[in-house]
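A short worksheet on the structure shown next.
The values are calculated or read from the model by the stated rules, or taken from the named source; none is laboratory data. None of the values given here were measured: they were computed from a predicted structure. No Cβ is skipped: glycine too gets one built from the backbone with ideal geometry, and neighbour counts run over all protein chains shown. Calculation scope for accessible area: heavy atoms of the full protein, side chains included, ligands and nucleic acids excluded. Shrake-Rupley method; radii C 1.70, N 1.55, O 1.52, S 1.80 Å.
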Amino acid sequence: MSSNLFVLSGPSGVGKGTLREKALDGVKNLVYSISCTTRQPRDGEVDGVHYRFITHEKFQEDIKKDLFLEYAYVHSDFYGTLKADVIRELNAGNDVLLEIDVQGALQVRDKMPEAILIFIAPPSVEELEKRLRNRHTESEKALKIRLSNALKELELKDKYDYIIINDDLERASMELRKIIHEH
Ligand code: 5GP
């Protein structure tokens, strides 16, 4: 059986990270690909674990060197997935999971049409705003940017192979696990 590339997207605050951790827990041979970003680490975030935190200059150099499988400018910072990381894991026989934005996911689909695209949607836009506010990780300005991006992302959800509504964490993570197991 060949290795699979799973791509998880969804608006900021929808609970992708938590879902991903639950889905990864106990699933064999599924590796999470750590993205590069130019954004500042949040409290508790560790370089090389949550992201590779790099400068704008380094990011631009890596774009020129064509090192990214995909990259995008999201909420005023760059984020990208290194090609070499993904290829290495797939060649080693592991499934790979990317957690990236919609622009990035569509780039991956162009380059690797066999990738499985999964969109995590909130039960409603109101609920998403509530969750984002309760997180207290962003300033009001950053929150507004994230909310307006969320609406744009939601418009593209039909381009995905699967849509999971994160109305209940247990239920949604079971659904995600099921999709991963079925491939
Ligand atoms: P956050 O700053 O909240 O960690 O992430 C912001 C957004 O960037 C999220 O939607 C996340 O999925 C997306 N993101 C994280 N890593 C990547 C990446 O490597 N590529 C792309 N295109 N988006 C990413």
Next item on the list: With a point put 7 Å past each Cα toward its Cβ, work out how far K64 is from I87 in nm, to one decimal.
Entry: 2.1
Next item on the list: Rounded to the nearest 500, what is the 222 nm mean residue ellipticity of the chain from helices alone, with -39500 (n - 2.57) per DSSP H run of 4+ residues and division by all residues?
Entry: -13000 deg cm²/dmol
Notebook entry, point to check: Tell me, what is the 1.4 Å probe accessible area of T55, in Å² to the nearest 10?
Noted result: 70
Check: Going through the range 29-73, which trypsin sites (Lys or Arg not before Pro) have at most 12 other Cβ atoms within 10 Å and a DSSP loop state?
Finding: R42, K65
Next item on the list: Within the range 74-183, list the GluC sites (Glu not before Pro) lying in a DSSP loop whose Cβ has at most 16 other Cβ atoms in a 10 Å radius.
Entry: E114
Notebook entry, point to check: What accessible area per residue comes out for the chain, rounded to a whole number of Å², with a 1.4 Å probe?
Noted result: 53
Check: Which lysines have a Cα less than 20 Å from the Cα of K58, not counting those fewer than 8 places away in the same chain?
Finding: K83
Checklist line | Net charge dipole size for the chain [Lys, Arg +1 and Asp, Glu -1 on Cβ; Debye, nearest 20] | finding: 160
Check: Which order do H50, H136, H181, H75 take when ranked by solvent-accessible area (1.4 Å probe, heavy atoms of all protein chains), largest first?
Finding: H136, H181, H50, H75
Item checked: Spacing of the two label points (7 Å from each Cα toward its C-beta) at E155 and T137, in nm -> 2.5
Check: Measuring from label point to label point, each 7 Å out along Cα→Cβ, what is the D47 to L169 span in nm?
Finding: 3.0
Notebook entry, point to check: Each residue of the range 32-48 in turn: what ³J(HN,Hα) in whole Hz from Karplus with 6.51, -1.76, 1.60 and θ = phi - 60°, glycine and Pro shown as x?
Noted result: 8, 8, 7, 7, 9, 8, 9, 6, 6, x, 7, 3, x, 7, 10, 4, x
Next item on the list: Give the Kirkwood hydrodynamic radius (Å, one decimal) of the range 5-182, defined as one over the mean of 1/r across all pairs of different Cα atoms.
Entry: 16.7
